[in-house]
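Heads up, the thing below is written out as structure tokens.
The values are calculated or read from the model by the stated rules, or taken from the named source; none is laboratory data. Only a predicted model underlies this, so the values are computations on that prediction, with no experimental measurement involved. Neighbour counts run over all protein chains shown; Cβ positions are idealised from the backbone, glycine included. Areas reflect the complete protein model, heavy atoms only, side chains present, ligands, DNA and RNA absent. Shrake-Rupley method; radii C 1.70, N 1.55, O 1.52, S 1.80 Å.
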Amino acid sequence: MPSQLKLTELISEEALSVKVREIGRALSDKYKGKEVVAICVLKGSFMFYADLIREINADVVSEFFGVSSYQNSSRSSGEVRLTLDLHSPIEDKHVLLVEDIVDTGLTMNYLQKTLAARKPKSLTTCALLLKPSCLKVECHVDHIGFEIPDEFVVGYGLDYQGYFRNIPYIAQVEGLI
Ligand code: 5GP
């Protein structure tokens, strides 16, 4: 039961909003006068994505991509599955991929390969959180919000068994890892 788990705040609402504005400014410079297809990786990045695209001063087309790798556990299964594909082709478009968290790097690696194969004009990657000590595969991320320790985190879109996505800050769940 979620009410029996202890949450400890790791990144405050204020810190999240400062960081989102900072990344938004960098992306606004990058895409000035251009059109960008911003891809939200469901479900975990929806809140970060919604805040981030409001900070991007350019023509933004929203797309949603669904992947699943955890299947209700707190550890990656190592298998990435596409659950929802993009609505339109991205060939010859500037593409911005918005992820919630990079843990082993397997999901980001899969997403980069899958999108690059569709021949976008450019592909920029962005992740709110990175757990550097967990990386298992090499993956380059252009914009990273925060590096965090190897702890399972929830809030600001991230869940544990479907719960806690509505918490406005990032919290660590005690006793899961
Ligand atoms: P990776 O493939 O890098 O191991 O894992 C990436 C995906 O696993 C993320 O998109 C996210 O959905 C999930 N994930 C990894 N670490 C965490 C975590 O600490 N908390 C939550 N809620 N999800 C995580």
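A few points about this structure:
- Surface accessible to a 1.4 Å probe, per residue, for the residues of the range 31-167, Å²: 49 Å²
- By a 1.4 Å probe calculation restricted to protein chains, Ser3 has an accessible surface near 100 Å², given to the nearest 10.
- All lysines inside 29 Å of Lys32 as judged from Cα atoms, apart from same-chain residues fewer than 8 positions distant: Lys19, Lys43, Lys93, Lys113, Lys119, Lys121
- Carbon-plus-sulfur accessible fraction, the range 27-177 (probe radius 1.4 Å, protein heavy atoms only): 48%.
- The chain - share of DSSP beta bridges that are antiparallel (%, nearest 5): 30 percent
- What the Cβ-Cβ distance of Lys113 and Lys6 gives, at R0 = 45 Å and to the nearest 0.05, is a FRET efficiency of 0.75.
- The equivalent ellipsoid of the range 76-119 has semi-axes of 20, 11, 9 Å, largest first, where each one is the square root of 5 times an eigenvalue of the Cα gyration tensor.
- Within the chain: Cβ-based charge dipole about Cα centre, in debye rounded to nearest 20 (Lys, Arg +1; Asp, Glu -1): 380 debye
- In the chain, Cα pairs under 8 Å separated by at least six residues give a relative contact order of 25 percent.
- Under-5 Å amide H pairs with Leu129, H placed in peptide plane, nonlocal only: Ile101, Val102, Gly145, Phe146
- In a fully extended conformation the segment linking Glu14 and Leu82 would gain 21.2 nm over its present Cα-Cα distance, using 0.36 nm per residue.
- Altogether, the Stokes-Einstein calculation at 20 °C and 1.002 mPa s, with the Kirkwood radius of the range 96-172 over Cα pairs as Rh, returns a diffusion coefficient of 163 µm²/s.
- Remark on the range 1-69: ratio of C-alpha radius of gyration to 2.2 N^0.38 Å is 1.36.
- The orientation-averaged projection of the convex hull spanning the C-alpha atoms of the chain amounts to 9.4 square nanometres.
- Compactness of the range 42-139 as Cα Rg over 2.2 N^0.38 Å, two decimals: 1.07
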